[in-house]
Every structure is written in structure tokens, then in C-alpha cells.
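To keep things clear, I will list the structure first and then write my remarks on it.
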């Protein structure tokens with residue numbers, strides 16, 4: 001089944017059922033969604049190229065644009081506007097994107113934030129302009145068809161690739177990840193093993209659709225399975241999100257730890273009483289986020305999970321029936337994993353740290369127009385995707401995330417973990433009042449003798465930082481060599497710390 005087929009099947013069961021909403025468009029039923037698709041798909045079908053860019057925040061408009069591209073036979077490429085001009089050019093060229101569907105409202109807001117999209121002006125196609133040139137007769141015809149006759153949609157031939165997403169670029173140039181309908185729908189089926197779905201459940205969708213977590217769980221899942229979702233376009237506006245939860249009463253909130261903490265610190269307990277599940281992903285959920293959620297939302301269950309864009313994205317997660325803080329749960333049903341030594345490429349014993357290998361039907365087939373080394377390896381007679389992440393697998397199958405392999409530095413003969421240093425410094429540098437990441441640890445790009453550098457938004461002496469590191473039981477090789485005071489840390493659009501940006505800063509200082 002394709003995503004359009006799944007949406008049409010669900011719409012036929014309850015065409016008048018409310019499925020999506022936001023503050024700009026209001027509440028929308030399946031009929032309303034299909035009306036928007038019938039109007040917009042004709043415009044999309046005239047655009048050049050097989051791949052059409054979609055640059056919109058979490059919204060009804062983004063959902064309709066995504067479906068319209070598929071029903072028009074075009075592959076939607078979900079554009080991350082936070083990547084910067086050079087990376088954006090690379091992404092568009094890699095995916096062959098000639099036109100980008102967006103809105104003037106978004107472009108104006110981004111310009112006010114210092115994100116200049118003028119280099120791509122000739123590629124931008126504004127929804128406001130499309131709406132203005134569509135005549136009343138055409139709109140009326142689409143309205144009648146959306147109520148009476150869906151044959152044109154049922155005859156549509158969606159592309160084989162359901163979406164092109166781009167890696168974050170936190171450690172290298174972004175890569176284009178093509179995901180099939182089977183990839184995404186398999187992952188959605190896996191997600192329903194994680195919690196008990198109730199008829200009154202609804203989702204607050206805050207993650208941008210260029211984020212694989214956001215596309216799968218906040219766009220495709222609601223539309224394909226009839227789970228209601230209310231969108232909000234700015235995941236960093238914690239106070240507004242608290243008001244949204246109070247007004248719409250969603251039961252499930254999904255986001256990154258950075259965004260979740262922003263909601264909790266800016267909201268009251270009364271505003272968040274409707275939440276029964278909080279799903280955290282994309283980065284390790286810290287103790288302070290668990291603590292804040294437990295204090296303000298004692299009625300909720302926190303399900304921390306782990307995934308990568310290449311796997312559509314969920315690989316493992318905690319279950320509602322058995323959630324263990326500090327772990328990333330067990331692999332989802334369709335995924336097979338192996339944990340291997342980074343040195344020998346052999347399986348490690350349970351409890352030992354190793355590189356995570358993954359295989360299964362939610363896994364992509366390879367990057368688009370990519371000339372680098374293959375992301376796949378042969379192991380035990382099978383092909384596996386090498387995630388580059390380190391995990392520990394307990395004897396009962398539960399996984400604990402240990403960090404990115406690329407975030408280890410070789411000092412002397414020992415591999416030093418930068419995430420381990422961050423964990424040691426967290427009690428000293430993180431407080432409940434922080435609105436975002438308060439510090440990060442990076443290493444200078446010097447092959448022979450790299451130095452460990454602490455970027456901090458608060459004053460801390462090097463000796464004080466190293467005392468905290470020693471108190472955590474780490475060796476002297478983990479000591480900080482320099483402290484750089486910053487007003488704020490660079491962030492990616494997903495809320496993660498931009499470690500590549502920090503490394504570039506260190507390069508410019510060496």
C-alpha cells in the first residue's frame with residue numbers, strides 16, 4: 001500500500017471525521033484535506049522535475065502540500081531552511097529540486113530571524129499566490145468532487161519514493177535520504193506496538209516535517225491511521241505550546257528533549273493535564289527533562305526512543321507497558337539489530353559497548369547521488385546499515401545509547417568519549433532555568449594531539465570543570481584544555497546542538 005492509498009482508505013471510513021488542525025486553518029476533516037489536495041495537485045503536476053521541494057512548518061498546509069505532491073506523481077523533498085545557503089544549494093542539487101512550495105508568511109518570518117532565502121527566490125512557489133490565481137469555478141468543482149467522487153485520486157500514480165529527507169549536517173555535508181512508502185508505513189505500524197491507542201487520543205505536532213520524526217509521526221501517521229493531530233509551527237515557543245495543550249487537550253506530545261523542556265519550563269501543571277504520553281527522540285533525554293516532566297506532569301508516561309533518518313526513523317523505543325528511564329527501549333518489531341566491536345566488527349557480549357547495525361523493511365536503500373563510502377556493510381552473511389552510534393544491549397534486549405562514534409577522540413592509546421565528559425559536567429552547568437543547551441564539548445581538529453574544549457553559556461573555570469570530571473570517575477585524559485564562553489550554542493533546526501558549527505569555530509581559531 002502507498003501513503004495516498006492508506007489515506008484514501010482511512011478517509012473512506014469516516015470522510016467527515018476531524019483529522020488535522022492548526023490556528024491558521026482551523027479544524028479540518030478528511031473531506032477538507034482531499035479538497036485541498038484536489039486543488040493543489042494540478043498546480044504541482046505542472047512543475048518541472050520529479051522532485052518538488054516543500055518548505056513549510058508543522059501545519060495543515062504542510063500536510064496538504066505533502067499529499068498533493070504524491071497524488072500528482074511527484075516526490076516531496078522536505079526542505080530544512082536552517083541548513084544555511086551552501087548546504088541548501090547542495091540539498092537542492094542532490095535531489096534535483098527546481099521548485100519549492102512555501103508560504104510568504106514563513107519566508108517573512110525567517111527573514112526577520114536572519115535566514116536569507118533570496119538566493120532561492122526564483123525557485124519559491126508561494127501558496128498564497130497559488131490560491132489567488134485559482135478561480136471560483138475550479139474551487140467549486142474541486143469542492144463537489146471532494147464530497148461526491150474521488151475517482152481521480154484513486155487513479156493517481158504516486159512515485160516510488162514517498163519522501164526525500166536530508167541528514168542534519170551536524171557532522172558533514174547533508175545527505176539526501178529517499179524513503180519509500182513501505183519504509184514509512186512499516187515504521188508507523190511498528191509505532192503502534194509502543195503504546196495503547198485510544199479513541200480519544202490526539203497528538204500535538206510540533207516537529208517540522210523536514211525532521212523524519214516529525215514527518216512520520218505528525219504527518220503520515222495521523223493521515224494514514226485517523227489519529228487526530230493539531231499542529232503548531234514553532235517548536236521553540238514553549239509558552240505558546242503550553243497554551244495550545246490547554247486549548248486543544250492533546251493526549252500525546254512528541255518532540256526532542258530540547259523542545260520538551262521548553263514546553264515544561266514555560267507551562268503550568270494545569271495546562272498540561274491532558275497529556276498521558278510524552279515521546280522523546282532525536283537526542284538523549286537528560287535527567288533534567290525526566291525530572292521536570294515528572295514534577296509538572298505526574299500523570300504522563302515518558303517513552304524515550306532512538307532512531308535515524310535512514311530508518312524512517314524509529315529503531316527502538318520504550319513501551320507504555322514497560323518504560324525504563326535512561327534507556328532507548330527495545331528494537332521495534334520489524335527491525336533486526338546487531339551490536340559489534342568498532343575495532344573487530346564482531347558481536348560484543350551483552351552489556352558491552354559497540355556500534356549498532358540495523359536491517360529491516362523500514363531501512364532506506366541508499367543515499368541519492370552520493371559518492372562517499374557505502375553506509376552498508378556485510379555481516380554474518382547479511383547486509384546491514386551501520387548507524388555510527390554506540391549502544392549497550394542488556395541481556396533482556398534493552399538498549400542504552402552511548403553516543404556517536406564520531407564524538408570520540410583518540411588521546412594517547414585511549415578513545416575518549418565527549419558525551420561522557422558532557423554527562424559529568426551536566427550537574428554543574430545545567431539548571432531548570434535554562435531555555436536551551438547550556439554547554440557542549442568539542443575537540444580541536446588536530447590529528448596528532450587534539451584538545452578537548454568546553455563551550456559554555458555560564459562562567460566556569462577550567463579547574464572547576466576538571467574537578468567535576470574527576471569526581472565522575474573519568475581519567476585525566478578527559479580533562480578540558482580550554483573553556484570558551486558563548487552567549488548561546490548553535491542549534492540545528494531539530495533542536496540538536498550543531499557540533500559541526502562548533503568544530504568550524506575551533507578550526508578558525510587554530
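Below, the figures for the structure above:
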{"quantity": "Test: residue in the range 166-181 that is more than 30 Å from residue 370 (Cα to Cα) and either exposed (fewer than 12 other Cβ atoms within 10 Å of the Cβ) or without any contact (Cβ under 8 Å) to a residue 40 or more places away in the chain (or both)", "calculated": "no"}
{"quantity": "Any strands (runs of 3 or more DSSP E) falling wholly within the range 5-91 and containing at least 1 residues that are under 22 Å from the mean Cα position of the chain (by Cα)", "calculated": "18-22, 51-54, 75-78"}
{"quantity": "Long-range neighbours under 7 Å by Cβ, at least six apart or interchain, first residue under 17 Å from residue 29 (Cβ atoms) within the range 220-237, second in a loop (DSSP other than H, G, I, E, B) and modelled with pLDDT under 95", "calculated": "226/14; 226/17; 227/201"}
{"quantity": "Number of the condition not met by residue 138 [criteria: (1) closer than 29 Å to residue 8 by Cα; (2) touching a strand residue (DSSP E or B) at 6+ places or on another chain (Cβ under 8 Å)]", "calculated": "(2)"}
{"quantity": "Unmet criterion (only one of (1) farther than 28 Å from residue 150 by Cβ; (2) in contact with a helix residue (DSSP H, G or I) (Cβ under 6 Å, 6 or more places away or on another chain); (3) modelled with pLDDT of 95 or more) for residue 79", "calculated": "(2)"}
{"quantity": "Single match in 459, 504, 498, 463 (criterion: under 22 Å from residue 82 (Cα atoms), at pLDDT 80 or above and not assigned by TED's automatic domain parsing to the domain that holds residue 211)", "calculated": "498"}
{"quantity": "Members of the range 349-373 found to be surrounded by fewer than 18 Cβ atoms within 10 Å (Cβ to Cβ), within 26 Å of residue 419 (Cα to Cα) and either within 25 Å of the chain's Cα centre (by Cα) or in contact (Cβ under 8 Å) with a residue 40 or more places away in the chain (or both), listed by number", "calculated": "350, 351, 352, 353, 373"}
{"quantity": "Filtered residue count, the range 323-347, keeping only those that are in contact with a strand residue (DSSP E or B) (Cβ under 9 Å, 6 or more places away or on another chain) and without any contact (Cβ under 8 Å) to a residue 12 or more places away in the chain", "calculated": "2"}
{"quantity": "Residue list for the range 130-158, filter: surrounded by 10 or more Cβ atoms within 10 Å (Cβ to Cβ), without any contact (Cβ under 8 Å) to a residue 12 or more places away in the chain and over 22 Å from residue 3 (Cβ atoms)", "calculated": "131, 140, 141, 144"}
{"quantity": "Complete set of residues in the range 314-323 that are assigned to a loop (DSSP other than H, G, I, E, B) and at pLDDT below 95", "calculated": "320, 321, 323"}
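The values are calculated or read from the model by the stated rules, or taken from the named source; none is laboratory data. Note that this is a predicted model, so its numbers are computed, not measured. Ideal geometry is used to build each Cβ from the backbone, glycine not excepted, and the neighbour counts take in all protein chains shown.
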